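The values are calculated or read from the model by the stated rules, or taken from the named source; none is laboratory data. The shown structure was predicted, so the numbers you read here are calculated from the model rather than taken from an experiment. Note: ideal-geometry Cβ built from the backbone for every residue, glycine included; neighbour counts use all protein chains shown. The accessibility values were calculated without ligands, DNA or RNA, using every heavy atom of the protein model including side chains. Shrake-Rupley method; radii C 1.70, N 1.55, O 1.52, S 1.80 Å.
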There are 2 protein chains.
Amino acid sequence: MTTVAIVGAGLMGTATAYPLSDNGHNVRLVGTHLDRDIITSCRSRRIHPRLNRQLPASVRPFFVEEIGEALEGVDVIVSGVNSLGAHWIGDAIGPHVRPGQMIIAITKGLEATPSGDLIILPDVLRNTLPENVRDRVAIAAVGGPCIAGELAGRRPSCVTFGCRDFDAACKLAAIFHTTYYHIFPTADLVGIEYCAALKNAYTLAVGMAQGILEKAGGVDETGAHMFNLAAATFGQACTEIEQLLNLVGGSRQFAAGLPGAGDLYVTSMGGRTVRLGRLLGLGHSIDEALQIMAGETLESVYVIRQLGQALPGLTRQGLLAPGALPLMEALIDIIVAEQPAKIPLDAFFGGAWLT
Amino acid sequence: MTTVAIVGAGLMGTATAYPLSDNGHNVRLVGTHLDRDIITSCRSRRIHPRLNRQLPASVRPFFVEEIGEALEGVDVIVSGVNSLGAHWIGDAIGPHVRPGQMIIAITKGLEATPSGDLIILPDVLRNTLPENVRDRVAIAAVGGPCIAGELAGRRPSCVTFGCRDFDAACKLAAIFHTTYYHIFPTADLVGIEYCAALKNAYTLAVGMAQGILEKAGGVDETGAHMFNLAAATFGQACTEIEQLLNLVGGSRQFAAGLPGAGDLYVTSMGGRTVRLGRLLGLGHSIDEALQIMAGETLESVYVIRQLGQALPGLTRQGLLAPGALPLMEALIDIIVAEQPAKIPLDAFFGGAWLT
């Protein structure tokens with residue numbers, strides 16, 4: 001039996017409590033300062049109000065002030081915050097982390113340094129831990145398609161756990177793995193984090209097709225949608241993910257696998273990113289769309305901004321050919337340069353295709 | 001101005017008449033013996049009854065008996081029949097084909113020889129043409145995500161034209177290309193045909209998730225679907241497409257591109273293959289499901305049967321590792337061995353992942 005603390009009581013962090021609990025582990029669920037209402041509900045009613053589901057019996061909820069008690073003697077810490085909390089989490093758990101522990105992050109994102117390098121968020125977390133422990137803990141991350149409500153509902157799900165220390169990835173997989181939660185370990189942490197971040201960015205483009213359709217008058221009298229447009233965008237997205245994986249030394253086969261195409265598929269099935277894409281496709285500027293969706297965490301926008309900072313440098317250094325990522329460039333134009341939404345179909349598949 | 005004959009007046013064949021007509025070409029639309037009602041309607045009312053849309057003015061409809069007249073002096077022949085018509089089309093056009101013409105097929109499929117080799121359908125067509133012309137015409141095929149009703153509705157679509165004679169692929173692209181029909185030429189005819197055939201097979205598996213969900217009681221009280229299951233299946237499908245492309249010397253990058261992930265996405269958005277998959281997921285045997293869908297052309301079943309004939313030989317010859325294609329093997333179990341539907345999640349991503 002293992003003791004696991006989940007820090008961050010949002011949808012995905014909390015969802016991991018279900019397989020852990022079903023495996024007989026002790027689970028401590030620590031809310032952040034944003035999760036106060038959630039922890040209050042979990043304590044008083046044993047209901048997670050956003051998952052809208054009863055907590056498993058082995059889960060003990062903690063407020064953020066109790067984090068020291070919650071992390072006491074744990075074997076595994078789950079970082080359950082979103083990409084905006086990537087710095088906070090290191091500071092919050094730092095004083096309590098002990099050598100030999102394993103940390104696994106559900107956080108998906110990339111962060112551009114002032115020099116334009118892109119850093120994966122598990123490394124951001126690592127760099128904020130105290131120096132005397134940061135190299136003595138294994139830091140892993142989850143990739144692949146996993147809607148939290150389905151995992152908490154014990155619906156079949158496949159994910160990958162990535163850790164540069166492959167043995168740690170396997171140990172973590174053994175702790176979390178259930179008959180409904182299938183886990184594939186990999187040493188390619190960088191590859192799965194790039195996929196996890198990029199799929200948010202590219203889903204925004206796939207979602208734009210719905211808005212473009214509605215702006216053009218919607219489904220026509222013969223029933224024609226714009227699925228062809230969405231599909232071309234989906235294919236170009238996977239192609240660009242493959243190129244970016246190649247650039248950073250990640251496994252190219254992830255693009256046509258679970259962390260790439262699989263996760264892009266599930267993210268495109270609905271949710272915040274698709275709704276934001278629809279607003280852009282309808283003709284709203286990014287400023288208008290963000291006002292309409294005020295209060296929602298939009299990791300797609302965050303990731304595209306980071307890529308907007310990094311791409312010019314990568315192109316200047318000759319690591320990326322000019323025009324190699326036309327869809328990402330279009331997204332940066334829309335999000336950073338506040339241009340109207342446009343999907344540059346004629347620029348797709350150029351380099352890779354004209355054989 | 002070019003003169004183009006489309007043989008086969010189904011949805012997709014006829015849809016290609018719209019960009020051709022918009023480009024100012026003469027178009028002759030020849031129905032097969034199955035298309036008699038369609039041609040009658042096209043002649044009397046200028047309406048294609050399945051597309052439910054008016055024919056462009058430059059399109060002349062012909063009955064199958066008039067095929068000689070229709071093919072007289074044409075520059076390009078579009079093979080618009082489905083995979084079941086792959087032998088018929090060669091016999092039908094054979095006597096009228098002239099050296100220097102170009103043929104482009106929308107037919108998607110693979111055919112197993114008695115020895116277990118898989119042949120792409122453009123080569124089946126080639127082999128049924130008279131010997132004195134078969135090597136003196138360019139034979140091309142269309143790949144990529146393209147719902148016929150959207151193309152006919154002049155909605156934005158991206159496809160690829162493949163031909164071993166790359167110049168011919170480029171010439172054909174120049175003839176068909178419009179502001180809404182984006183065409184990427186490639187010399188990798190084999191790669192795009194494998195993708196086009198395989199996406200039908202694998203969409204059947206993605207569609208099964210919906211039936212499995214309904215059988216398990218449907219969307220639960222918290223709103224949980226089984227998108228994670230569909231997404232894992234989608235990712236594994238792209239992975240297996242990549243492995244099969246590698247096996248036959250096709251472009252691996254098609255898996256994470258327009259002909260692979262892109263076409264799988266659009267096919268998974270609905271239609272016959274998804275409906276058949278749902279029936280299997282609900283627990284119907286393939287025999288029951290085929291009875292329920294009697295009268296519909298199910299290319300997915302045809303392709304899976306062909307692979308069922310070919311895979312044992314490929315494994316015996318050492319070209320495929322045992323267990324390399326667990327999802328395809330599951331589909332063969334369901335379709336050929338008439339087993340209950342099952343998605344073998346634990347076998348996914350095995351070989352490629354444990355790095």
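Looking for something open to solvent by 10 Å² or more (accessible area, probe 1.4 Å), under 30 Å from residue A:52 (Cα atoms), of a type outside the set (A, V, I, L, M, F, W, C) and not in a loop (DSSP other than H, G, I, E, B) - is there at least one such residue anywhere in the stretch B:249-268?
yes
Go through the stretch A:140-167 and report how many residues are in contact (Cβ under 8 Å) with a residue 60 or more places away in the chain, in a loop (DSSP other than H, G, I, E, B) and within 13 Å of residue A:266 (Cβ to Cβ).
Residues meeting the conditions: 4.
Confirm whether residue A:155 is crowded, with 18+ Cβ neighbours inside 10 Å and farther than 22 Å from residue B:256 by Cα.
yes
Do we have residue B:178 as closer than 30 Å to residue A:210 by Cβ, out of contact with any strand residue (DSSP E or B) (no Cβ under 6 Å at 6 or more places or on another chain) and surrounded by fewer than 24 Cβ atoms within 10 Å (Cβ to Cβ) here?
Yes; evaluated as a whole, the condition is true for this residue.
Would a scan of the stretch A:261-279 turn up a residue that is in contact with a strand residue (DSSP E or B) (Cβ under 9 Å, 6 or more places away or on another chain), under 25 Å from residue B:266 (Cβ atoms) and modelled with pLDDT of 95 or more?
Looking for residues that are in contact with a strand residue (DSSP E or B) (Cβ under 9 Å, 6 or more places away or on another chain), under 25 Å from residue B:266 (Cβ atoms) and modelled with pLDDT of 95 or more, one finds at least one in the stretch A:261-279, hence yes.
Identify, from the list A:170, A:195, the residue that is free of Cβ contacts under 8 Å to residues at least 40 places away in the same chain, in a helix (DSSP H, G or I), among the hydrophobic types (A, V, I, L, M, F, W, C) and within 11 Å of chain B (Cβ to nearest Cβ).
That would be A:170, the only listed residue that is free of Cβ contacts under 8 Å to residues at least 40 places away in the same chain, in a helix (DSSP H, G or I), among the hydrophobic types (A, V, I, L, M, F, W, C) and within 11 Å of chain B (Cβ to nearest Cβ).
Take residue B:222 and decide whether it is of a type in the set (Val, Ile, Thr), at the interface with another protein chain (Cβ under 7 Å from one of its Cβ atoms) and surrounded by fewer than 21 Cβ atoms within 10 Å (Cβ to Cβ).
Yes: the conditions hold for residue B:222.
Results for (1) away from chain A (no Cβ under 14 Å); (2) within 24 Å of the chain's Cα centre (by Cα); (3) open to solvent by 70 Å² or more (accessible area, probe 1.4 Å), shown as yes or no for each residue.
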{"site": "B:46", "(1), (2), (3)": "yes, no, no"}
{"site": "B:52", "(1), (2), (3)": "no, yes, yes"}
{"site": "B:64", "(1), (2), (3)": "yes, yes, no"}
{"site": "B:68", "(1), (2), (3)": "yes, no, no"}
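Yes/no per residue for (1) within 7 Å of chain B (Cβ to nearest Cβ); (2) in contact with a Phe, Trp or Tyr (Cβ under 8 Å, 6 or more places away or on another chain):
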{"site": "A:199", "(1), (2)": "no, no"}
{"site": "A:216", "(1), (2)": "no, no"}
{"site": "A:249", "(1), (2)": "no, no"}
{"site": "A:256", "(1), (2)": "yes, no"}
{"site": "A:262", "(1), (2)": "yes, yes"}
{"site": "A:287", "(1), (2)": "no, no"}
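What's the number of the only condition in (1) within 22 Å of residue A:193 (Cβ to Cβ); (2) open to solvent by less than 10 Å² (accessible area, probe 1.4 Å) that residue A:272 fails to meet?
Failing condition for residue A:272: (2).
Tell me, please, whether a residue that is farther than 28 Å from residue A:145 by Cβ, open to solvent by 40 Å² or more (accessible area, probe 1.4 Å), under 25 Å from the mean Cα position of the chain (by Cα) and at pLDDT 95 or above can be found in the stretch A:17-24.
No: zero hits.
Which condition number in (1) under 21 Å from the mean Cα position of the chain (by Cα); (2) modelled with pLDDT of 95 or more; (3) in a loop (DSSP other than H, G, I, E, B) is the one that residue A:217 fails?
Of the numbered conditions (1) under 21 Å from the mean Cα position of the chain (by Cα); (2) modelled with pLDDT of 95 or more; (3) in a loop (DSSP other than H, G, I, E, B), the odd one out for residue A:217 is (1).
Which condition from (1) within 13 Å of another protein chain (Cβ to nearest Cβ); (2) over 20 Å from residue A:265 (Cβ atoms); (3) buried (at least 24 other Cβ atoms within 10 Å of the Cβ) is the one that residue B:242 breaks?
The failed condition is (2).
Only residues that are more than 9 Å from chain B (Cβ to nearest Cβ), touching a residue at least 40 places away in the same chain (Cβ under 8 Å) and either in a helix (DSSP H, G or I) or within 18 Å of the chain's Cα centre (by Cα) (or both): list them for the stretch A:176-192, please.
If the condition is that a residue be more than 9 Å from chain B (Cβ to nearest Cβ), touching a residue at least 40 places away in the same chain (Cβ under 8 Å) and either in a helix (DSSP H, G or I) or within 18 Å of the chain's Cα centre (by Cα) (or both), then A:176, A:181, A:189, A:190, A:191, A:192 are the ones that fit.
Which is small (Gly, Ala, Ser) and within 9 Å of chain B (Cβ to nearest Cβ), of A:162, A:149, A:143?
A:149
Any idea which of A:115, A:79 is open to solvent by 10 Å² or more (accessible area, probe 1.4 Å) and closer than 27 Å to residue A:199 by Cα?
Among A:115, A:79, only A:115 is open to solvent by 10 Å² or more (accessible area, probe 1.4 Å) and closer than 27 Å to residue A:199 by Cα.
Based on this model, can you work out whether residue A:294 counts as closer than 30 Å to residue A:11 by Cβ, hydrophobic (A, V, I, L, M, F, W, C), open to solvent by 60 Å² or more (accessible area, probe 1.4 Å) and assigned to a loop (DSSP other than H, G, I, E, B)?
For residue A:294, the condition - closer than 30 Å to residue A:11 by Cβ, hydrophobic (A, V, I, L, M, F, W, C), open to solvent by 60 Å² or more (accessible area, probe 1.4 Å) and assigned to a loop (DSSP other than H, G, I, E, B) - is met.
It is to be established whether one or more residues within the stretch A:297-304 are more than 14 Å from chain B (Cβ to nearest Cβ), in contact with a helix residue (DSSP H, G or I) (Cβ under 6 Å, 6 or more places away or on another chain), of a type in the set (S, T, N, Q) and open to solvent by less than 10 Å² (accessible area, probe 1.4 Å).
For the stretch A:297-304, residues more than 14 Å from chain B (Cβ to nearest Cβ), in contact with a helix residue (DSSP H, G or I) (Cβ under 6 Å, 6 or more places away or on another chain), of a type in the set (S, T, N, Q) and open to solvent by less than 10 Å² (accessible area, probe 1.4 Å): present.
Return yes when residue A:160 is touching a Phe, Trp or Tyr at 6+ places or on another chain (Cβ under 7 Å), open to solvent by less than 10 Å² (accessible area, probe 1.4 Å), modelled with pLDDT of 95 or more and of a type in the set (Val, Ile, Thr) and no when it is not.
yes
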